[in-house]
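What follows is one structure encoded as structure tokens, with my remarks underneath.
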Amino acid sequence: MDIRRLTDRLGGLAFGGDYNPEQWDAEVWKEDDELMRRARVNLATVGVFSWALLEPEEGRYDFDRLDAHLDRLHAAGVAVDLATPTASPPPWFTLAHPDALTVRPDGTRLTHGSRDTYCLTSPAYRRAARRIAAALAERYGDHPALALWHVHNEYVTLCFCDHTAAAFRVWLRTRHGSLDALNEAWGTAFWSQHYTAWEQILPPRTSQWHHNPGHLLDYRRFWSDETLAAYREQRDAIRAHSDRPVTTNLMVPDYQNLDLWAFGREVDLVSIDHYPGAPGVDAAAQAAFDADRARSFAGGGPWLLMESGTSTVYAGDRVLPKEPGDILRHSLAHIARGSEGALFFQWRQSRAGAETWHSAMVPHAGPDSRIFREVTAAGAAVARLGELAGSTVGAEVAVLHDSDAWWATTVDGLPSAELGYHPALRRAHRALWDAGLTVDFAHPEHDLNRYRVVLAPALFLLTDAGAENLRRYVADGGTLLLQHFGGIVDERLHARLGGYPAAPLREALGIRVEEHRPLAQGEEIALSDGSTGSSWSESLRTEGAEALAAYTHGMLDGSPALTRHAFGSGHGWYLSTRLDDAGYTALVGRLLTEARVLPGLPGLPAGVEAVTRHAPDGRAWHVLINHLDEPVPLARPGHDLLTGGTVSRLPAGGCAVLRAL
Ligand code: GLA
């Protein structure tokens, strides 16, 4: 099923958000209709947290309210993204099925009173989830308001209960085939961990010290597969009654324990929720990171920003506001990268309950507020972008992403606490974003030939097939940068023997790493090119590569730190430490220059984002976002869809969507 069906149905890009009218009364609903019209809302996500009202007791449904809301929204011209409410089971459910409650690794069984408190492997939960999904689909599958199905909400909860143990064992049998194979894969010959019966294997509950790493990694894989199975059950129950596209809102990057490539293949359209963790330009860079990932998980095609906050920046122990203008800038950052619209959580700020202080499209202050005025302006802007629907975004550079590699960096017993996966990916993406480029993410086993430059940070785990694929990519003319501690273990977390990284890749890089030398916290190591490394260093020798920078003191004095190898028709670069910011930016710049990669829209200063969407018929649009505090003249004036006129300069903080000539 195609996302085009959604945008055709909406007559353009989507604008709106989560709508939870059960919190309000008829007076407010009336005002909602009027305010949604003013804000140009055309899509509302309904029912995410409605289970307790929809099914007040087991098997008895009360659809009256939902009937009325769907009819009302339809009459108001707002299409509905109908959610299955399974992320928040009602109190009666958990009292009737205590075995369906989440169990923490330490054995604590949680209770209801919050949300997301369920175990996906519990048969009672799965039955109940399928049942309500089917009941909703049967009733609303053909409703004229219905444009999209929204299964669940951010599958996030992990569980370690006995149901999980049983399901985990079934999964392990399928993956390994025999206990012998499992014992071999996990390396249980050490620490007396040898298993002689499947029943002896538990989920990785709290243990005395390090867990077996293979056990931890397999649990993560299992959980992702189990989640996908739970999603499929609901999706298929819906499809039996409805032909509308089905999605589930994914949370990227590191909050959700899922293989997002696998989810991308199972949903009719990829949708994500995005909440930045830092204000200002960092928030914009994070939006680009998440949006580029979403597009990549969608196979490069259109996708949808399902949730964002009108004024929500999760910064550690507080929630910071967004800056004036961010509502439009952040919406456009996603749309630029292929989102078919911009949706928010939530429409009206709650007066009571757990998310009273979460920002919304209609704040507590009501429509006479800066936020609602910005929402209205953003709605009007998105309404002018209808012609972008169905267009896509291409990239010449990619950052590798693999869930196995991510999870592998979270196992116990690694030599440094500074091997975080997503920080390394963010940094690589940021260097490319700062260089004015649109970035794809790609799996190490994907066909990479369309990319001129591929960055491979934090690729600790790399399969034989992945290593061979990267070797071939370089041989065929690609430019690859493998970063420290990459290509170290295979998919079973078995270390590569005879020198790192994995052999085919050593050939492409022309190096052999002999020893890892993690640095102390805060320690720095100087390099001969004037840059410094931190957190990590390695003893390596070149085997055909040229050393571009060397370590300058200690045991590694004179040893290569950064290398480049001409291999086949491409170049394999290797960086054995974590470079300081300026050094890393300069290195990425050098790779881009040597590979002749230019920003999509040259001539713009750093701080102005420019992304191009292309339609299959040759039309194209440049989305421009000025993050600077000063106006920026445009080399070529163009027709701006946002204003309907010709623009020759971008005001400070301003945006434009130009028809490409
Ligand atoms: C998530 C959820 C929403 C809401 C927001 C708050 O994205 O899906 O229900 O809780 O977080 O940021």
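Are any residues in the range 1-54 assigned to a helix (DSSP H, G or I), charged (D, E, K, R) and crowded, with 20+ Cβ neighbours inside 10 Å, and if so, which ones?
Pass one, the range 1-54, residues assigned to a helix (DSSP H, G or I): 4-10, 21-23, 26-38, 51-54.
Among the residues that remain, those that are also charged (D, E, K, R) are: 4-5, 8-9, 22, 27, 30-34, 37-38.
The one that is assigned to a helix (DSSP H, G or I), charged (D, E, K, R) and crowded, with 20+ Cβ neighbours inside 10 Å: Asp32.
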- line: Selection from the range 500-542 of residues of a type in the set (A, V, I, L, M), under 15 Å from Trp573 (Cβ atoms) and in a helix (DSSP H, G or I) yields Leu505, Ala508, Leu509
statement: Filter the range 194-245 for residues that are in a loop (DSSP other than H, G, I, E, B) and of a type in the set (Gly, Ala, Ser); the one that is nearest to Ala128 (Cα to Cα) is Ala240
task: Kindly indicate the residue of the range 416-437 that is charged (D, E, K, R) and part of a helix (DSSP H, G or I) and also nearest to the chain's Cα centre (by Cα) among those meeting that condition.
output: Arg426
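What helices (runs of 4 or more DSSP H), lying completely within the range 315-415, carry at least 1 residues that are in contact (Cβ under 8 Å) with a residue 60 or more places away in the chain and either closer than 30 Å to His446 by Cα or within 15 Å of the ligand (Cβ to nearest atom) (or both)? Let's see the steps before the verdict.
Working: elements: 326-336, 370-383, 403-408.
Because the criterion is at least 1 residues that are in contact (Cβ under 8 Å) with a residue 60 or more places away in the chain and either closer than 30 Å to His446 by Cα or within 15 Å of the ligand (Cβ to nearest atom) (or both), the helices (runs of 4 or more DSSP H) in the range 315-415 that meet it are 326-336, 403-408.
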- prompt: Taking the range 384-407, which residues are touching a helix residue (DSSP H, G or I) at 6+ places or on another chain (Cβ under 6 Å) and not β-branched (Val, Ile, Thr)?
  reply: Ala389, Gly390, Trp406, Trp407
query: In the range 577-633, what residues are in contact (Cβ under 8 Å) with a residue 12 or more places away in the chain, farther than 15 Å from Arg430 by Cβ and of a type in the set (Gly, Ala, Ser)?
result: Ala595, Gly600, Gly603, Ala610, Ala615, Ala620
Test: residue in the range 301-313 that is of a type outside the set (Lys, Arg), farther than 30 Å from Arg659 by Cα and surrounded by 23 or more Cβ atoms within 10 Å (Cβ to Cβ): no
- request: Give me the pairs, please: first residue somewhere in the range 146-160 and free of Cβ contacts under 8 Å to residues at least 60 places away in the same chain, second residue anywhere and within 16 Å of the ligand (Cβ to nearest atom) and in a loop (DSSP other than H, G, I, E, B), beta-carbon distance under 6 Å, and either six or more positions apart or on two chains.
  value: Thr157/Asp116
- line: Subset of the range 610-650, residues of a type in the set (D, E, K, R) and touching a strand residue (DSSP E or B) at 6+ places or on another chain (Cβ under 8 Å), comes to Arg613, Arg619, Asp640, Arg649
task: Could you please tell me which pairs satisfy a Cβ distance under 7 Å, a separation of 6+ or placement on different chains, a first residue in the range 36-53 that is of a type in the set (Phe, Trp, Tyr), and a second residue that is away from the ligand (no atom under 16 Å from the Cβ) and modelled with pLDDT of 95 or more?
output: Trp51/Pro90; Trp51/Ile132
- prompt: Does the range 327-337 include one or more residues that are among the charged types (D, E, K, R), in contact with a helix residue (DSSP H, G or I) (Cβ under 9 Å, 6 or more places away or on another chain) and at pLDDT 95 or above?
  reply: yes
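Test Ser224 against the stated conditions and say whether it is over 30 Å from Ala68 (Cβ atoms), more than 16 Å from the ligand (Cβ to nearest atom) and touching a Phe, Trp or Tyr at 6+ places or on another chain (Cβ under 9 Å). If you could, list the steps in order and put the result at the bottom.
Details: over 30 Å from Ala68 (Cβ atoms): yes; more than 16 Å from the ligand (Cβ to nearest atom): yes; touching a Phe, Trp or Tyr at 6+ places or on another chain (Cβ under 9 Å): yes.
Considered against the rule, which asks whether it is over 30 Å from Ala68 (Cβ atoms), more than 16 Å from the ligand (Cβ to nearest atom) and touching a Phe, Trp or Tyr at 6+ places or on another chain (Cβ under 9 Å), Ser224 comes out as yes.
The values are calculated or read from the model by the stated rules, or taken from the named source; none is laboratory data. Model, not experiment: these values are computed from the prediction. Cβ sites come from the backbone with ideal geometry, for glycine too, and all protein chains shown count toward neighbours.
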